[in-house]
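Remarks on the structure that follows.
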Amino acid sequence: MLKFWKKKPAETAPPQPVAGEPPAAAAEIGGDPALNEALAETPSPAETQSEHERFVAPVIEAPTATPPLTKRSWRERLSGNAFARGLSSLFVRHPKLDDDLLDELETTLISADVGVEGSTELVENLRKRMHKREFADAPALLAALREALLTLLKPVEQPLDVRGKQPFVVLVVGINGAGKTTTIGKLARRWRDEHRAVMLAAGDTFRAAAVEQLKTWGARNEVPVISQGQDADAASVIFDALQAARSRGTDVLIADTAGRLHTQGGLMDELGKIARVLKKLDADAPHEVLMVIDGTTGQNAVNQVRQFRQIVGVTGLVVTKLDGTAKGGVVFALAREFGLPIRYVGLGETATDLRVFDAAAFVDGLLPASLGDGHD
């Protein structure tokens, strides 16, 4: 007699952890009531935005191939900058030393977003010196302009030192489109090439595909990425990453955060929450709050820094996209307004185009070649 058996359904395999993720879930962080209270203090990003904002298709920033490690001089990178072109053409068109030259110099500085007050102050000082006959000709005035610009920038020429803490926690903040994720990838490459153990934390859980984008950078740079997926609690993700970094002896942990406008209160509050949660493990963390600024945004960058600084205590700046903007003067405006260290500037697309800020190289890259000294 034939017997028929009902086929037993296949067992569902348990979900596998994401590579590089710690085993503990965010909801099981040590059973710390204080921590759970901190995590619950602010609404999630998803609760503070409209449906339209949550599901706007992202722009994928990560390149499709590892760029060649070529390195061009600061002058070569800044030669296409409209600010540099404006200064060069000014002294060609006005070789005569007079008030007209200074008036046009002031216009050029204001147009490049050095700021009205800062531009006027700088030019009026030069005008007084010119009337005292301190300058023999236009090249002498140009040399004085160089020294004045260097005086503004030298105090903020402070490279980031990631030694002394293990792991050294870098929290990266900024608005959407500033180049945060690309900057993180380039920093990971830089520190990995310095033989440091680097880990990334995918704290941008709000923007679609942001986690995958960071994983792409992690795979390319051969560094682990701690993640939990879209709409996870950002503070939990970064807390987990710090736990993992400590257990693995990581030198530098770079934590991404959701891009946000300085006018978005709920998302700005999330940054303060992240900082408070990190202090549960390390009272000094984050050791650097690095704000990435789009160099093409001009004076609006000043407002952004002011707001972010109040919320999360920005300790250093990265100014990106300076190779092709007419607004490169914002670097001087930021230095004058805040005095915050400018850690890096972005001068192009390749990994080596994220440069440690060098005030003299930057100024000489903007001024006519007769004063440049060929900084690399």
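Results, tabulated for the structure shown:
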| item | result |
| --- | --- |
| Calculated FRET efficiency for the pair PHE338/ALA143, C-beta based, R₀ 35 Å, to 0.05 | 0.80 |
| Enclosed volume per residue, in Å³, of the convex hull spanned by Cα atoms of the range 247-346 | 110 Å³ |
| Within-15-Å neighbourhood charge of LEU340 [Cβ basis; K, R +1; D, E -1] | +2 |
| Reduced Cα scattering model of the range 312-353, Debye log10 I(q)/I(0), q = 0.21, 0.26, 0.30 Å⁻¹ | -0.71, -0.95, -1.09 |
| Label-point separation in nm, VAL356 to GLN158, each point 7 Å along Cα→Cβ | 1.6 nm |
| Computed over the range 124-169, Kirkwood Rh from alpha-carbon pairs, angstrom | 13.4 Å |
| Extended-chain gain in nm, criterion 0.36 nm per residue less alpha-carbon gap, ARG93 and GLU134 | 12.6 nm |
| Estimated distance in nm for a label pair at ARG192 and ALA219, the labels positioned 7 Å out from Cα along Cα-to-Cβ | 1.3 nm |
| Extension gain, ALA82 back to ASP282 (0.36 nm per residue minus Cα-Cα distance, nm) | 67.6 nm |
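Any read-out appearing in this document is the output of simple, stated calculations on the displayed coordinates, not a laboratory observation. Everything numeric here is computed off the predicted structure, so don't read it as measured data. Heads up, the Cβs are rebuilt from the backbone with ideal geometry, glycines too, and the neighbour counts pull from every protein chain shown.
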